[in-house]
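**Student:** I'd like to ask some things about the structure below.
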Amino acid sequence: MARLATCIPLSGGSPEDYLSVAKSIGADLTIAGPEAPLVAGVADLFHQHSLHLFGPSRAAARLEGSKIFAKRVMSAARIPTARYVEADTVDQALEALPRFEYPIVIKADGLAAGKGVILAGDLHEARAAIELLTTQFGPRLILEEFLEGEEASFIVLCDGRHALPLAPAQDHKRVFDGDQGPNTGGMGSYSDDRILDPNQIQEVMDLIIHPLLDYLASSGTPFLGFLYAGLMLTSAGPKVLEFNVRLGDPEAQSLLHRLRGGLLEAVTAAVRGSMQGYSLDWDSRPSVCVVLAAEGYPSAVRSGDTIEGIAAAEATGATVFHAGTRLVDARLVTAGGRVLGVTHTGGDLAAAIQNTYRAVSCIHFPGMHFRKDIGKKGLRRW
Ligand code: AMP
Ligand code: GLY
């Protein structure tokens, strides 16, 4: 970002801190990236001060901020999702276990940076998961039926009533190849129009997006912003795994790499009340993003390792998105779990994968690890 724009450090992370920066530069439009400030009410504060912010109100952001809230909305709006039980205490969660078969899915209610979901294969693992999640994230949980199928990330741009779909994408949540190991925030993504065909997109709009937007608008909490539906494409049709109130990470990297134009126009129209008639212009070629993670991720990570080779990777035509990096005396070092998102396109998915991994091979830092199979799910499917 520093290469494209002037970065202004925040004095803190509260909605007021964002407001004072927006006012200090006379911002015409603010686009909220991450979920935490939205859940804390940054959109409400901007609107009180008559400033345009693209992102949902605190009330609508609960779709991501509370999995229990999201499930209740889905029940009320008859949106297809996994059968579930809410638990407010460890005892309630343990008592509910016999109502499910294994594997069972156990989720923390609140924000957990992608680490609040555990798939448990048997009673022993389920007890351990309940213990771990309640200790780390608090007592409220969801127990949920395990769904089988292919996952898809479907993101729409919303103006409160209408939705403009982005290209479909797919995330890779587990840390190791072949979807093994614990869940992470996301180890890589790809975007390819075949992930959801036009009929499937229509089905998702009719069964999920429109009922949700109508329900939220009629409840007095219309949704303005990016709405992300994490889907499982089951044999009984698409079902919602989760909602996010932002572009996904690392889906955003592969999507923005394919986006050719129209975003600013559509977002500006949305914050003014209606983006009907607007459209986005996409590169038809697929894209792939491979996340380079730090030593230890997704557990405790080591920081401060020197990163080399980014210029060489970019010379291949890749975009290297920085997520956990820092400059220390003109030396670029790691400063987070997911360090870089290396993103490239190709004439077809196989070529996009090859181009991306060629760029990845230029980059090195001690302890670096990444998945070698990003996008292979798509190759297998087609
Ligand atoms: P979530 O944050 O709710 O999307 O969950 C993280 C990941 O856990 C998802 O991307 C899926 O890979 C997996 N997952 C969540 N819920 C289910 C479910 N009901 N059945 C199967 N897998 C699930
Ligand atoms: N990639 C999933 C997320 O951003 O939550």
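**Student:** State the number of residues belonging to the range 185-232 that are within 20 Å of the chain's Cα centre (by Cα) and open to solvent by less than 30 Å² (accessible area, probe 1.4 Å).
**Tutor:** The total comes to 26.
**Student:** Pull out all pairs, ordered by first then second residue, where Cβ-Cβ is under 7 Å, the residues are six or more apart or on different chains, the first lies in the range 58-70 and is polar (S, T, N, Q), and the second is modelled with pLDDT of 95 or more.
**Tutor:** Ser66/Asp109
**Student:** Under 7 Å between Cβ atoms, at least 6 apart or on separate chains: pull out the pairs that start in the range 263-278 with a residue that is surrounded by fewer than 16 Cβ atoms within 10 Å (Cβ to Cβ) and end on any residue that is not in a loop (DSSP other than H, G, I, E, B).
**Tutor:** Gly273/Asp159; Ser274/Asp159
**Student:** Right, next: Considering only residues that are more than 14 Å from Leu212 (Cα to Cα) and small (Gly, Ala, Ser), which ones fall in the range 60-86?
**Tutor:** Gly65, Ser66, Ala82 - these are the residues of the range 60-86 that are more than 14 Å from Leu212 (Cα to Cα) and small (Gly, Ala, Ser).
**Student:** Let me ask something else. Under the condition of being farther than 18 Å from Thr89 by Cα and within 10 Å of ligand 1 (Cβ to nearest atom), which residue from the range 114-126 is farthest from the chain's Cα centre (by Cα)?
**Tutor:** Leu119
**Student:** Among the residues that make up the range 58-70, is at least one of them under 27 Å from Val156 (Cβ atoms), of a type in the set (Asp, Glu), open to solvent by less than 80 Å² (accessible area, probe 1.4 Å) and not in a loop (DSSP other than H, G, I, E, B)?
**Tutor:** yes
**Student:** Does any residue in the range 177-199 that is without any contact (Cβ under 8 Å) to a residue 40 or more places away in the chain come within less than 9 Å, Cβ to Cβ, of a residue that is part of a strand (DSSP E or B) and among the hydrophobic types (A, V, I, L, M, F, W, C) six or more places away or on a different chain, and which pairs are these?
**Tutor:** Gly181/Val175
**Student:** Cβ contacts < 9 Å: first residue under 15 Å from Gln48 (Cβ atoms) and polar (S, T, N, Q), restricted to the range 5-24; second residue assigned to a helix (DSSP H, G or I) and at pLDDT 95 or above, any location; separation 6+ or different chain. Result?
**Tutor:** As it stands, the answer is Ser14/Pro37; Ser14/Val42, since those pairs meet every condition given.
**Student:** May I ask you to say which residue of Arg338, Arg246 is touching a helix residue (DSSP H, G or I) at 6+ places or on another chain (Cβ under 8 Å), basic (Lys, Arg) and open to solvent by less than 60 Å² (accessible area, probe 1.4 Å)? It would help to see each step written out before you state the result.
**Tutor:** Values: Arg338 fails: touching a helix residue (DSSP H, G or I) at 6+ places or on another chain (Cβ under 8 Å).
Testing whether each residue is touching a helix residue (DSSP H, G or I) at 6+ places or on another chain (Cβ under 8 Å), basic (Lys, Arg) and open to solvent by less than 60 Å² (accessible area, probe 1.4 Å) leaves just Arg246.
**Student:** Which of the residues that make up the range 323-382 are among the polar types (S, T, N, Q) and in contact with a strand residue (DSSP E or B) (Cβ under 7 Å, 6 or more places away or on another chain)?
**Tutor:** Within the range 323-382, Thr325, Thr334, Thr343, Thr345, Asn355, Thr356 meet the criteria.
**Student:** For the range 122-154, enumerate the residues that are surrounded by fewer than 14 Cβ atoms within 10 Å (Cβ to Cβ) and touching a residue at least 60 places away in the same chain (Cβ under 8 Å).
**Tutor:** Residue satisfying the conditions is Glu148 alone.
**Student:** Next question. Take Phe321 and decide whether it is within 30 Å of Gly149 (Cβ to Cβ), out of contact with any Phe, Trp or Tyr (no Cβ under 9 Å at 6 or more places or on another chain), of a type in the set (Phe, Trp, Tyr) and part of a strand (DSSP E or B).
**Tutor:** yes
**Student:** Which of (1) farther than 22 Å from Ala2 by Cβ; (2) over 21 Å from the mean Cα position of the chain (by Cα) does Gly309 not meet, given it meets every other one?
**Tutor:** Going through (1) farther than 22 Å from Ala2 by Cβ; (2) over 21 Å from the mean Cα position of the chain (by Cα) one by one, Gly309 breaks only (1).
**Student:** Just to check your reading of the model, which residue among Arg161, Arg174 is among the basic types (Lys, Arg), within 13 Å of ligand 2 (Cβ to nearest atom), open to solvent by 60 Å² or more (accessible area, probe 1.4 Å) and closer than 21 Å to Leu247 by Cα?
**Tutor:** Testing whether each residue is among the basic types (Lys, Arg), within 13 Å of ligand 2 (Cβ to nearest atom), open to solvent by 60 Å² or more (accessible area, probe 1.4 Å) and closer than 21 Å to Leu247 by Cα leaves just Arg174.
**Student:** Six or more apart or on different chains, Cβ atoms under 8 Å: show the pairs whose first residue is in the range 227-249 and within 9 Å of ligand 1 (Cβ to nearest atom) and whose second is of a type in the set (Lys, Arg).
**Tutor:** Met232/Lys239; Glu242/Lys67
**Student:** Got a number for residues in the range 317-354 being over 19 Å from Leu4 (Cβ atoms) and touching a residue at least 40 places away in the same chain (Cβ under 8 Å)?
**Tutor:** Number satisfying all stated conditions: 12.
**Student:** I've got another one for you. Only one of these is modelled with pLDDT under 95 and open to solvent by 30 Å² or more (accessible area, probe 1.4 Å): Leu10, Leu29, Leu51. Name it. I'd like the intermediate steps shown before the answer.
**Tutor:** Values: Leu29 fails: modelled with pLDDT under 95; Leu51 fails: modelled with pLDDT under 95.
Sole residue among the options that is modelled with pLDDT under 95 and open to solvent by 30 Å² or more (accessible area, probe 1.4 Å): Leu10.
**Student:** When the range 1-56 is examined, which residues are found to be in a helix (DSSP H, G or I) and basic (Lys, Arg)?
**Tutor:** Lys23
**Student:** Return the total of residues in the range 78-120 being more than 16 Å from ligand 2 (Cβ to nearest atom), part of a loop (DSSP other than H, G, I, E, B) and open to solvent by less than 20 Å² (accessible area, probe 1.4 Å).
**Tutor:** Total satisfying the criteria: 3.
The values are calculated or read from the model by the stated rules, or taken from the named source; none is laboratory data. All figures in this text were calculated on a predicted structure; none of them were measured in a lab. Ideal geometry is used to build each Cβ from the backbone, glycine not excepted, and the neighbour counts take in all protein chains shown. The protein model used for the area step is the full one, side chains on, heavy atoms only, and it has no ligands, DNA or RNA in it. Shrake-Rupley method; radii C 1.70, N 1.55, O 1.52, S 1.80 Å.
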